[in-house]
Amino acid sequence: MIDVYYWPTPNAWKVTIMLEECGLEYQVLEVDIGAGDQFKADFLRISPNNRMPAIIDHAPLGGGAPLALFESAAIVEYLADKTGRFLPTSGAARYTVLQWVYWQMANLGPMMGNANHFKNYAVKLVDDPAQLAYGQRRFVGEVDRLCGVMDAQLSVNPFLAGDQYSIADIVSWPWAMLLERLIDETVWARFPHLKRWVDEVAARPAVQAGRNVRREWGERQLTDEQEAARRALLFNQTNEKVRAARAEAARSAQRQGK
Ligand SMILES: N[C@@H](CCC(=O)N[C@@H](CS)C(=O)NCC(=O)O)C(=O)O
């Protein structure tokens, strides 16, 4: 059995999609990142970077004690090695897949995350329109460039790393499918090969199942007060603020007798 520490976001869907694709048994444990669950001591022991997703595999590859892992790509790569699925075991083909996995982790995810921040959150946090415009231009521009990289690759290959569906597709799709919402409806007309691939991957039943895990958690309506508390927790996380959030999580666990 694999425990998945989860909140419905693109980085976590990579893991649930991979688990569904591989037919592995798993249980989902809630990490409400808007409520501060990522600062709880038990979670930090598994994921010291106070980010989900994370897993504990109680029957790990190679045997031995349960294995705890954080970072979505490390988890997906581990599951690929465990099952022998969606990642060649050796040779050039393996590294071709891995280069696209690391490309996603270092490029598509962070740039889309920052573009989303400047378009949808900073507008509520920053008064100076020049600061906002700079951030939006910088990160939306980068996302646009990355769309071109994927479109060119997908114009000559069915999948990101070549002929075969792989973990490169599994880690990239949860972000890529949000492009229209992040940029605008013109994105697919400008990048038709990317659109073809987004639709083909979306048609896989395991992808739909993984993407829909606990979808309702992310659709909960928050009060203005809850929304403000969520923003205060998630943005501007200096070391000092993270320490304070950890201390508050510990106090709250104590109050609840945990
Ligand atoms: N590189 C990490 C990123 C994980 C990440 O940023 N997770 C976010 C949600 S998508 C999170 O847990 N945020 C909690 C916080 O900011 O405190 C991965 O791919 O696993």
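The values are calculated or read from the model by the stated rules, or taken from the named source; none is laboratory data. Quick caveat, the model's predicted, so the values are computed rather than measured. Glycine also receives a Cβ, built like all others from the backbone with ideal geometry; neighbour counts cover every protein chain displayed. The protein model used for the area step is the full one, side chains on, heavy atoms only, and it has no ligands, DNA or RNA in it. Shrake-Rupley method; radii C 1.70, N 1.55, O 1.52, S 1.80 Å.
Quick notes
- Val201 being β-branched (Val, Ile, Thr), assigned by TED's automatic domain parsing to the domain that holds Ile170 and touching a residue at least 12 places away in the same chain (Cβ under 8 Å): yes
- Within segment 62-81, residues that are within 15 Å of the ligand (Cβ to nearest atom) have Cβ atoms under 6 Å from residues that are among the polar types (S, T, N, Q) and part of a loop (DSSP other than H, G, I, E, B) in these pairs: Phe70/Ser47, counting only partners at least 6 apart in sequence or on another chain.
- Unmet requirement for Trp175, which otherwise passes all of (1) assigned to a helix (DSSP H, G or I); (2) surrounded by fewer than 20 Cβ atoms within 10 Å (Cβ to Cβ): (2)
- Of Gln226, Gln208, all but one fail to be surrounded by 12 or more Cβ atoms within 10 Å (Cβ to Cβ) and within 16 Å of the ligand (Cβ to nearest atom); the exception is Gln226.
- Residues satisfying the stated conditions in segment 1-35, i.e. open to solvent by 20 Å² or more (accessible area, probe 1.4 Å) and among the charged types (D, E, K, R): Glu20, Glu21, Glu25, Glu30, Asp32
- Members of segment 180-198 that are touching a residue at least 24 places away in the same chain (Cβ under 8 Å) and farther than 18 Å from Val101 by Cα: Leu182, Ile183, Val187, Arg190, Phe191, Pro192, His193, Arg196
Okay, residues lined up against (1) charged (D, E, K, R); (2) within 22 Å of His117 (Cα to Cα):
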{"site": "Asp184", "(1), (2)": "yes, yes"}
{"site": "Ala189", "(1), (2)": "no, no"}
{"site": "Arg196", "(1), (2)": "yes, no"}
{"site": "Ala202", "(1), (2)": "no, no"}
{"site": "Gln208", "(1), (2)": "no, no"}
{"site": "Val213", "(1), (2)": "no, no"}
{"site": "Gly218", "(1), (2)": "no, yes"}
{"site": "Gln221", "(1), (2)": "no, yes"}
